[in-house]
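Read the structure below first, then the notes.
Where a number appears in this text, it was derived from the coordinates with a stated rule and is not lab data. If you're wondering where the values come from, they're calculated on a predicted model, not measured in any experiment. Cβ placement follows ideal geometry from the backbone for every residue including glycine, while neighbour counts extend to all protein chains displayed.
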Amino acid sequence: MGATTVWERWDSMLPDGSINPGEMTSFNHYAFGAVAKFLYERVAGLQRLEPGWTRCRVAPAVGAEFTRAAAEHVTPQGTVSCVWNTTAAAGQDKTEAMHVALPMLDAGENRETVVGPATWSFESTFRRDYEWPVQPLKPKS
């Protein structure tokens, strides 16, 4: 019928590690994917703006009940990551700390920018100096 993802079981692996013997068993249920997408795009803030991650945004939703988050994503351009946490002493405002890692601009060149509270926009040029698609790793002997 075509709409199997919606109708598939969400409890395909039972608490004891065995596979549910019922029909429509799935390990790729959309409900789990939706939660994962929310966690890395909103809580951790890793957002792809263009195909292949040639442009991305790091904009975590800091606050609410979350006090920390960390995520990384390996893209064709390199690894993008964000780690943040908040701390607050009794009667004081929260302080936020964030560490963001973006792919290198050129071979051997790194850039670090420290900014204060505000809205910031950064752009940079990326030149890939490796072969794509990446070849699979050979098993260790």
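Counting Lys and Arg as +1 and Asp and Glu as -1, what is the net charge of the other residues whose Cβ lies under 14 Å from the Cβ of MET24? Write down the numbers at each step before the final one.
Details: positive: ARG9; negative: GLU8, ASP11, GLU23.
Here the count lands on -2.
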Query raised in the report: So between ARG55 and LYS138, what do we pick up on full extension, going 0.36 nm a residue minus the alpha carbon distance?
Result: 26.8 nm
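Could you calculate the contour length gain from VAL83 to THR25, that is, 0.36 nm times the residue separation minus the distance between their Cα atoms, to one decimal place in nm?
On the way: separation 58, 0.36 × 58 = 20.88 nm, distance 3.52 nm.
Length gained between VAL83 and THR25: 17.4 nm.
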Query - Cα-projected label distance for THR67 with ARG9, points at 7 Å along beta-carbon direction, nm - result: 3.9
Query - Least to most buried among LEU14, LEU39 (fewest other Cβ within 10 Å first) - result: LEU14, LEU39
